[in-house]
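A.B. asks: One structure coming up, written as structure tokens, with questions to follow.
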Amino acid sequence: MNELLSQDKSIYLQLSEMIETDILRGILLEEERVPSTNELAKLYTINPATAAKGINLLVDEGILYKKRGIGMFVAKGAKEQIIAKRKDAFYENYVKALLEEAKSLGISSDQLIEMIRTHE
């Protein structure tokens, strides 16, 4: 979690995405404790309430869970859940627009697949 926060989107969203990325990369493993909101606040020089909002977003999604008095931990199946979520977002943010543009240009599915294959 050594990435820098940017002004492009809300800090709490960036924080939750960085934690997700650390889970995907195997930096944070299932059942492993994640840094506390105070630790995250200190690390990124942000308000603890902002850090808590990012953490709580992941708790609401079932990616993290709280062990009372101990801290937040990575849930079982979190990595697979994040992959599925990001695949859906990839489709919504990239593939859908690609298909719509291809259709407006008269590019068939076969032609589009061929374009992708020749540029891998």
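A.B. asks: With respect to residue 9, determine if the residue is surrounded by fewer than 18 Cβ atoms within 10 Å (Cβ to Cβ), of a type outside the set (Asp, Glu), modelled with pLDDT under 95 and part of a loop (DSSP other than H, G, I, E, B).
C.D. replies: Taking the combined requirement at face value, the residue satisfies it.
A.B. asks: To continue, here is another question. Quick check on this structure: which one of 101, 30, 80, 120 is farther than 18 Å from residue 11 by Cβ, among the acidic types (Asp, Glu), out of contact with any Asp or Glu (no Cβ under 9 Å at 6 or more places or on another chain) and in contact (Cβ under 8 Å) with a residue 40 or more places away in the chain?
C.D. replies: Working: 101 fails: in contact (Cβ under 8 Å) with a residue 40 or more places away in the chain; 80 fails: in contact (Cβ under 8 Å) with a residue 40 or more places away in the chain; 120 fails: in contact (Cβ under 8 Å) with a residue 40 or more places away in the chain.
Going through 101, 30, 80, 120 in turn, the sole match is 30.
A.B. asks: Right, something else. Among the residues of segment 14-40, how many are open to solvent by 60 Å² or more (accessible area, probe 1.4 Å), of a type outside the set (S, T, N, Q) and either modelled with pLDDT under 95 or part of a helix (DSSP H, G or I) (or both)?
C.D. replies: 2
A.B. asks: Kindly provide the set of residues from segment 68-89 that are surrounded by 11 or more Cβ atoms within 10 Å (Cβ to Cβ) and either of a type in the set (Val, Ile, Thr) or at pLDDT below 95 (or both), ordered by number.
C.D. replies: The answer is 71, 74, 82, 83.
A.B. asks: Can you spot a residue in segment 43-55 that is under 14 Å from the mean Cα position of the chain (by Cα) and within 18 Å of residue 11 (Cα to Cα)?
C.D. replies: Just the residues of segment 43-55 that are under 14 Å from the mean Cα position of the chain (by Cα), to begin with: 54-55.
In the following step, the residues that additionally are within 18 Å of residue 11 (Cα to Cα) were identified as 54-55.
Yes.
A.B. asks: Between a first residue in segment 54-72 that is within 17 Å of residue 86 (Cβ to Cβ) and a second residue that is of a type in the set (A, V, I, L, M) and assigned to a loop (DSSP other than H, G, I, E, B), which pairs have beta carbons less than 7 Å apart while being 6 or more apart in sequence or on different chains?
C.D. replies: Going by the 7 Å Cβ cut-off, the qualifying pairs are 62/75; 63/75; 64/34; 64/75.
A.B. asks: Out of (1) open to solvent by less than 60 Å² (accessible area, probe 1.4 Å); (2) assigned to a helix (DSSP H, G or I); (3) at pLDDT below 95, the odd one out for residue 115 is which?
C.D. replies: Going through the list (1) open to solvent by less than 60 Å² (accessible area, probe 1.4 Å); (2) assigned to a helix (DSSP H, G or I); (3) at pLDDT below 95, residue 115 breaks only (1).
A.B. asks: Let me ask you something else. Looking at residue 102 and the list (1) open to solvent by 80 Å² or more (accessible area, probe 1.4 Å); (2) over 17 Å from residue 18 (Cα atoms), which single condition is not satisfied?
C.D. replies: (1)
A.B. asks: Kindly indicate whether residue 66 is among the basic types (Lys, Arg) and outside any helix (DSSP H, G or I). If you could, list the steps in order and put the result at the bottom.
C.D. replies: Details: among the basic types (Lys, Arg): yes; outside any helix (DSSP H, G or I): yes.
Yes: the conditions hold for residue 66.
A.B. asks: Which one is nearest to residue 74 (Cα to Cα), of the residues in segment 41-63 that are in a helix (DSSP H, G or I) and among the polar types (S, T, N, Q)?
C.D. replies: Of segment 41-63, the ones in a helix (DSSP H, G or I) are 41-44, 48-60.
Now restrict to residues that are among the polar types (S, T, N, Q): 50, 56.
Numbers: 50: 19, 56: 12 Å.
In this case the residue turns out to be 56.
The values are calculated or read from the model by the stated rules, or taken from the named source; none is laboratory data. Being a predicted model, the structure only gives us computed values, none of them experimental. Note: ideal-geometry Cβ built from the backbone for every residue, glycine included; neighbour counts use all protein chains shown. Surface accessibility is based on the protein's heavy atoms, side chains included, excluding ligands, DNA and RNA. Shrake-Rupley method; radii C 1.70, N 1.55, O 1.52, S 1.80 Å.
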